[in-house]
Amino acid sequence: MAKVTKIVEIANDDEDDDDAAGFAEDGFDGLTGADLDNGDDLDGLRAVARLAKLVGSLPWFSAVGRKLTATEINDAEAYTAGIGFDEMRVAGVENWLAASAAAQAPDWDDDWWQAEQQMQNALLEQALQHTDQHDLEVALTHVSTRAGEVAHEHAAKMAARQGVSDPSLLKVAAGAAATAAYQAALVLAARSADSEDDDGEHPFAIKFRLFEAGRLPLGIVGSTFNLF
């Protein structure tokens with residue numbers, strides 16, 4: 001297997017600019033497999049590298065507090081159903097103070113977190129079938145770190161407009177973005193280019209699309225999925 005130990009250099013390679021631009025324009029269509037090209041073991045890593053570029057230019061949290069659109073509600077319902085939580089009520093969160101309260105809700109559903117962890121583990125196992133472990137770890141770390149850094153900057157700016165500067169809330173927002181980027185990268189890495197088992201969008205792809213739209217998913221409390 002060809003070994004790529006400097007995925008950061010690939011992510012910043014000017015030769016990939018055209019691919020990265022197309023990836024951003026297409027949103028996450030690439031998660032269905034269309035983004036993978038030549039059928040070798042590096043295809044997943046190339047897709048992850050393009051994602052690393054994308055996360056630096058996303059409008060993180062630009063739509064928080066606005067009225068939820070029908071598309072966003074549908075995506076939120078598809079995501080929660082996809083991880084095993086059917087018939088969740090999607091609730092919009094009004095402002096950063098309300099988001100802080102929602103993020104710290106005492107009845108936060110741990111089963112939701114467990115469901116995501118199981119999906120992550122399954123994707124990781126699948127990705128390692130055709131990707132070197134070291135290369136994959138470096139690629140995933142780069143994507144999540146980049147997303148967390150950029151998202152934290154955006155969260156600080158957006159929250160400051162409402163007079164909110166709670167470090168813990170900003171950390172939650174950045175951490176959620178980093179996790180979503182990591183999960184989306186796993187979906188890309190797990191798909192081999194010659195895979196024919198495409199059965200639709202993965203829940204993590206749908207979840208990441210909510211972040212792409214400028215939203216901040218805050219998780220499940222009781223029978224409600226809170227979306228800021």
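The values are calculated or read from the model by the stated rules, or taken from the named source; none is laboratory data. What you are looking at is a predicted structure, and each value in this text was computed from that prediction instead of being measured. In this analysis, Cβ positions are derived from the backbone assuming ideal geometry, glycine residues included, and neighbour counts consider all displayed protein chains. We work out accessible area using only protein heavy atoms, side chains counted, and drop any ligands, DNA or RNA first. Shrake-Rupley method; radii C 1.70, N 1.55, O 1.52, S 1.80 Å.
Taking the criterion of being within 19 Å of K171 (Cα to Cα) and either at pLDDT below 95 or part of a strand (DSSP E or B) (or both), the residues of segment 215-227 that qualify are P217, L218, G219, I220, N226, L227. Among residues of segment 161-180 that are in contact (Cβ under 8 Å) with a residue 60 or more places away in the chain and on the phi < 0 side of the Ramachandran plot, those with a beta-carbon under 7 Å from a residue that is open to solvent by 60 Å² or more (accessible area, probe 1.4 Å) and part of a helix (DSSP H, G or I) at least six positions away or on a different chain give the pairs V164/L97.
Pairs are defined by a Cβ separation below 7 Å, a sequence spacing of at least 6 or placement on different chains, a first member in segment 118-144 that is without any contact (Cβ under 8 Å) to a residue 60 or more places away in the chain and under 14 Å from D43 (Cα atoms), and a second member that is open to solvent by less than 70 Å² (accessible area, probe 1.4 Å) and in a helix (DSSP H, G or I); the pairs so defined are L128/L136.
If we scan segment 129-141, do we find a residue that is touching a Leu at 6+ places or on another chain (Cβ under 7 Å), open to solvent by less than 50 Å² (accessible area, probe 1.4 Å), part of a loop (DSSP other than H, G, I, E, B) and at pLDDT below 90? The answer is yes, given that some residue of segment 129-141 is touching a Leu at 6+ places or on another chain (Cβ under 7 Å), open to solvent by less than 50 Å² (accessible area, probe 1.4 Å), part of a loop (DSSP other than H, G, I, E, B) and at pLDDT below 90.
The number of residues in segment 36-81 being in contact with a Lys or Arg (Cβ under 7 Å, 6 or more places away or on another chain) and either at pLDDT below 85 or closer than 23 Å to L128 by Cβ (or both) comes to 4. Out of the residues in segment 142-155 that are open to solvent by 10 Å² or more (accessible area, probe 1.4 Å) and among the small types (G, A, S), state the one that is nearest to L124 (Cα to Cα). Only one residue fits best here, namely S144.
Within segment 56-83, residues that are within 21 Å of Q120 (Cβ to Cβ) sit with their Cβ atoms under 7 Å from residues that are among the basic types (K, R) and surrounded by 14 or more Cβ atoms within 10 Å (Cβ to Cβ), at 6+ positions apart or across chains, in these pairs: D75/R209; Y79/K207. You will find that of L210, L169, the residue that is over 18 Å from A47 (Cβ atoms), surrounded by fewer than 22 Cβ atoms within 10 Å (Cβ to Cβ) and at pLDDT 95 or above is L210 and no other.
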